[in-house]
Structure formats: structure tokens, C-alpha cells
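J.: Pasting in a structure now, in C-alpha cells, and then I'll have a few things to ask.
The values are calculated or read from the model by the stated rules, or taken from the named source; none is laboratory data. These numbers were taken from a predicted model, which means no experiment stands behind them. Every residue, glycine as well, gets a Cβ built from its backbone with ideal geometry; the counts of neighbours run over all protein chains shown. Each accessible area value is taken on the protein alone, full model and side chains, heavy atoms only, with ligands, DNA and RNA left out. Shrake-Rupley method; radii C 1.70, N 1.55, O 1.52, S 1.80 Å.
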Amino acid sequence: MTFRKLIGKLHLWLGLGSGVIVFIVSITGCLYVFETEIRSLYEYPFTEVQPLKQPVLPVSELLSIGKKALEKQTGKAAKPEYHNVTLYKDPAKAAYYYAYHEKEKIYHYVYLNPYTGNVLKVKDLNNDFFTIIIQLHMNLLLPYEVGHQIVGAAVLIFVISLISGLILWFPASKKGIKQRFSVKWNAQWRRKNYDLHNVFGFYSFLLALVIALTGLVWSYEWMAHSVDWLANGGKFSGEAKEPISAISVQKSAFPMDRFFEENAKKHPETQLFSVDFPTSDTATFAFGFYPSLTTYHDGTYLLYDQYSGKLLKEDSPRTQTAGQRIRAMNYDIHIGKILGLPGQLLAFFASLIAASLPITGFLIWWGRRKKKKTASSKQKNRQPAAFLLQKQDP
């Protein structure tokens, strides 16, 4: 068996084995690229407010209102494993309280008027369209430990399929090179399908590969460590240990409102502010300041001891290693937002083509399979006649 035939077999069977999962992951990825933009179309009644000529309520008050609203909605005391309050620089944007209950896997948003504290909406994210989309994308709606591994394996196979497909794309002779760059639209459907698979696969190769590789960063630690090692020039950043609060006998109230206001003044470029509240005795207060509403890699994250108010850690572009910086950019690269709207469009079409490749590839295989069966059937039908001729031969 020649090298090209071996690559062809590898490409075929890997594609057939992972095709359904690659299709699901790719098509859900298409939709998630524009998640923020699509959400804004149907969420604006409770995400927009009338600006008032008065300061917004303190973070502590928004926290209290959000917790009470959630308790009223669910009928039980809110004891989440993680919760925060988010505010926007835009005076027409609503604030929201977010709570995540890990044991029950329950997520809630409580949208608030930041000036009056009025509750605009209590939303259960488990029933949200994009929650279902992202769960399909990440773990196929299966238990996370199982589904995430299946998706990771399928994406790894997809990377191998992309590389093997590129090898097969190169024609055996120079005469066929022109046919590899354009679809012959006036040909029969089998030829058009073949061209769609080869031509579109070639043009989307680099983007699809980047999207797949950035997805693998979340699936496998070895991939994340490899990115870190390469970005740092052959050195590891080391495992980042989250700081903890030193438990104090004298528990004094953390001046979160004052700290928030002081830090907000230090970061005038911030468009989105977030405060993560401690949910255990050793947890920290965390303040997030993001200069963009569309990307997250330029954000500054400050962690404070919940008792003393001491700054324990700053996580920002100026404190990160090159590897940590690249990993912080991973999400924005994955969905194309690193390049703004043009990048999102590129990610959308690359994901759409990636979703089409298992379909067009399957049709190529099925067409050849039927063709072989037809040819084999014709040959069998001719055999009796040939046998009779041989008998009559003197």
C-alpha cells in the first residue's frame, strides 16, 4: 500500500468515526460565535435601563437585593458555591447578580436597575437557549466527565483529519492543480460534492485548525502546557496557586464598596466591572476590570484577603508570562473575537465549513461504495454468458 493510499484510509475511517460529533461541535460553535449579539436581540427588555442623574447603588446593596430576589424566586436560602455582581460603565446597562450552585448545577441571573435596585428579571440559565448550545458544544449534553472527553477525542481526530486531508488535497500531477482551487458548479452532483469537500476544506484549513487547537487547550492539560511552554520559549509558567484568606478571629467587615470605588477610579478605561464574593472562610474577594465588552484577555483581576483587605494577587497582562497571556487569549481566539467582527465572521464560516466536511466526506464515501457495488453486480451478471462461450469454444 502506497503512502497516499494509507493516508486516504486514515482520513476516511477517522472521518467516519468522528463525523457526527464533529458536526455537532462545529454547528453549535457557529451559533456561539455570535452569542452576545444574538442575546442582545431578545434580552434588551431587562438588560437596558433609563439612565438617571444619580450614582448607582453600592455593590453591597446590589448583592443583598440580588440574593433576596433569588431566594424569593427559588423558595430557599441562596447558598451558592460562586456568586458575583457585574456593573457596566454604560449608564443605560442593567447590573446583574449571578449565582451558581454547583451541587444542583443551577445557574441564575438576577437583572437589576443599578440606580433604584428594582429587579428586572430573574433568569434560570439552565433553560436558556445558549446554555443548551454550549453544553452540546462542550459535552454533548452528557455528564461533563464523559462528554468532555468524547468531544476532546473527536476534536483531536478532526485535527489529524485536517492534516491528512491537506496531504490528499495535493494532486498526483501538476495538471490537476487548477481543479483544487475552484468548485465545478456545472458538473454532476457527485463532482460538485467532491469539490465542495476538497476546495472548501482547503480554504478553511488554517482557521479550522486554529479553532480546533484552541478547543483542545480546554480538553487536555498536555495541550495547555504545550502552549504555555512554547510561548515562554521552552519554559513552564508553573501551576498558578490561588491565594487564600488568612482566617482571622476578629472578623471585620470588608470595605468592598470603598475598595470597588477606589479601584474603579484607578481603571478609568474599564467598560465592565465585576466583584466575586467569598463563599467560604478562606476564599477571597475578587475585583475584575475589563476594558472591552467583547474580549476578556485584557482584563485586570485583583484578589483581596476577605479579613484584612490585603491585596494578595494581581492577574493582568502586565503580571502574566507570555504563556499565561496566550492562554488568557484562548477564548477570544477560539471564537474569533480577538479580531473583532471580521474575526467572528471568519470563525463562523470556518466552523460552518467544518460542519459540512463530515457530510460531504460521507457522501463521497457512500457514492464510491455504491459505484463499486454496481460495478461488481454487472461483472457477476456477465459471468454466466462468458462461461457458455467458453464451453462452445472448440
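J.: Open to solvent by 20 Å² or more (accessible area, probe 1.4 Å) and part of a loop (DSSP other than H, G, I, E, B): does that describe SER237?
T.: yes
J.: Looking only at segment 163-189, count how many residues are over 30 Å from the mean Cα position of the chain (by Cα), within 22 Å of GLY15 (Cβ to Cβ) and small (Gly, Ala, Ser).
T.: 2
J.: Among what's in segment 245-282 and is among the aliphatic types (A, V, I, L, M), closer than 30 Å to PRO114 by Cα and surrounded by 11 or more Cβ atoms within 10 Å (Cβ to Cβ), pick the residue that is nearest to the chain's Cα centre (by Cα).
T.: Step one: list which residues in segment 245-282 are among the aliphatic types (A, V, I, L, M), which gives 246-247, 249, 253, 256, 264, 272, 275.
This time we only want the ones that are closer than 30 Å to PRO114 by Cα, so: 253, 256, 264, 272, 275.
Remaining after also requiring surrounded by 11 or more Cβ atoms within 10 Å (Cβ to Cβ): 256, 264, 272, 275.
Working: MET256: 32, ALA264: 29, LEU272: 21, VAL275: 23 Å.
Ranking the candidates gives LEU272 first.
J.: When the residues of segment 321-349 are narrowed to those that are in a loop (DSSP other than H, G, I, E, B) and in contact with a helix residue (DSSP H, G or I) (Cβ under 7 Å, 6 or more places away or on another chain), which ends up most open to solvent (accessible area, probe 1.4 Å)?
T.: MET329
J.: Let me ask something additional. Output the number of the condition that GLY165 fails; it satisfies all remaining conditions of (1) closer than 30 Å to LYS67 by Cα; (2) in a helix (DSSP H, G or I).
T.: Only one criterion in (1) closer than 30 Å to LYS67 by Cα; (2) in a helix (DSSP H, G or I) is unmet by GLY165, namely (1).
J.: Here is a follow-up. When segment 298-319 is examined, which residues are found to be surrounded by 18 or more Cβ atoms within 10 Å (Cβ to Cβ) and over 15 Å from PHE287 (Cα atoms)?
T.: TYR307
J.: Could you tell me whether any residue of segment 1-9 is farther than 30 Å from TYR111 by Cα and surrounded by 14 or more Cβ atoms within 10 Å (Cβ to Cβ)?
T.: Looking for residues that are farther than 30 Å from TYR111 by Cα and surrounded by 14 or more Cβ atoms within 10 Å (Cβ to Cβ), one finds at least one in segment 1-9, hence yes.
Per-residue answers, yes or no, for (1) open to solvent by 100 Å² or more (accessible area, probe 1.4 Å); (2) closer than 26 Å to GLY147 by Cβ; (3) in contact (Cβ under 8 Å) with a residue 60 or more places away in the chain; (4) out of contact with any strand residue (DSSP E or B) (no Cβ under 9 Å at 6 or more places or on another chain):
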{"site": "GLN188", "(1), (2), (3), (4)": "yes, no, no, yes"}
{"site": "LYS192", "(1), (2), (3), (4)": "no, no, no, yes"}
{"site": "ASN198", "(1), (2), (3), (4)": "no, no, no, yes"}
{"site": "LEU207", "(1), (2), (3), (4)": "no, yes, yes, yes"}
{"site": "VAL227", "(1), (2), (3), (4)": "no, yes, yes, yes"}
{"site": "GLU242", "(1), (2), (3), (4)": "yes, no, yes, no"}
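J.: In segment 255-270, what count of residues is obtained for those that are part of a loop (DSSP other than H, G, I, E, B) and in contact with a strand residue (DSSP E or B) (Cβ under 6 Å, 6 or more places away or on another chain)?
T.: 2
J.: Among the numbered conditions (1) assigned to a helix (DSSP H, G or I); (2) open to solvent by less than 60 Å² (accessible area, probe 1.4 Å), tell me where ALA99 comes up short.
T.: So ALA99 meets the others, but not (1).
J.: Need the failing condition index for LEU141 against (1) open to solvent by 40 Å² or more (accessible area, probe 1.4 Å); (2) without any contact (Cβ under 8 Å) to a residue 40 or more places away in the chain; (3) touching a Pro at 6+ places or on another chain (Cβ under 6 Å); (4) aliphatic (A, V, I, L, M), just the number.
T.: In the conditions (1) open to solvent by 40 Å² or more (accessible area, probe 1.4 Å); (2) without any contact (Cβ under 8 Å) to a residue 40 or more places away in the chain; (3) touching a Pro at 6+ places or on another chain (Cβ under 6 Å); (4) aliphatic (A, V, I, L, M), LEU141 misses (3) alone.
J.: Also, quick follow-up: If a residue has to be over 15 Å from GLY17 (Cα atoms), open to solvent by 70 Å² or more (accessible area, probe 1.4 Å) and not polar (S, T, N, Q) to count, how many in segment 146-185 make the cut?
T.: Count: 10.
J.: Of the residues TRP189, TRP169, which is touching a Phe, Trp or Tyr at 6+ places or on another chain (Cβ under 6 Å) and modelled with pLDDT under 95? First the steps, then the outcome.
T.: On the way: TRP189 fails: touching a Phe, Trp or Tyr at 6+ places or on another chain (Cβ under 6 Å).
Just one listed residue meets the conditions, TRP169.
J.: Restricting attention to segment 124-138, does a residue exist that is part of a loop (DSSP other than H, G, I, E, B), under 29 Å from the mean Cα position of the chain (by Cα) and among the charged types (D, E, K, R)?
T.: In the first step, residues of segment 124-138 are kept if they are part of a loop (DSSP other than H, G, I, E, B); the result is 128.
After this cut, where a residue has to be under 29 Å from the mean Cα position of the chain (by Cα) as well, the list is 128.
Checking which are among the charged types (D, E, K, R) leaves us with 128.
Looking through segment 124-138, at least one residue is part of a loop (DSSP other than H, G, I, E, B), under 29 Å from the mean Cα position of the chain (by Cα) and among the charged types (D, E, K, R).
J.: Among the listed residues LYS123, LYS93, which satisfies the condition of being open to solvent by 40 Å² or more (accessible area, probe 1.4 Å) and among the charged types (D, E, K, R)?
T.: LYS93
J.: Still on this model: Only one of (1) at pLDDT 90 or above; (2) outside any loop (DSSP other than H, G, I, E, B); (3) more than 28 Å from ALA208 (Cβ to Cβ) is not met by ARG318, so which one is it?
T.: (2)
J.: Please pick out the residue among PHE289, PHE277, PHE348, PHE285 that is at pLDDT 90 or above and more than 22 Å from PRO255 (Cβ to Cβ).
T.: PHE348
J.: Show the residue pairs that are 6+ apart or on different chains and have beta-carbon atoms under 7 Å apart, the first residue being within segment 259-270 and within 12 Å of LEU87 (Cα to Cα), the second being of a type in the set (S, T, N, Q) and part of a loop (DSSP other than H, G, I, E, B).
T.: Here the result reads ALA264/THR270, each pair linking segment 259-270 to a residue that is of a type in the set (S, T, N, Q) and part of a loop (DSSP other than H, G, I, E, B).
J.: Yes or no: segment 19-30 includes at least one residue that is open to solvent by 60 Å² or more (accessible area, probe 1.4 Å) and either in a strand (DSSP E or B) or at pLDDT below 95 (or both).
T.: No - not one qualifying residue is present in segment 19-30.
J.: For segment 50-70, which residues satisfy the criterion of being touching a strand residue (DSSP E or B) at 6+ places or on another chain (Cβ under 7 Å) and in a loop (DSSP other than H, G, I, E, B)?
T.: VAL56, the sole residue that qualifies.
J.: Please give the number of the condition THR116 fails out of (1) in contact with a Gly (Cβ under 9 Å, 6 or more places away or on another chain); (2) part of a loop (DSSP other than H, G, I, E, B).
T.: Here THR116 clears every test but (1).
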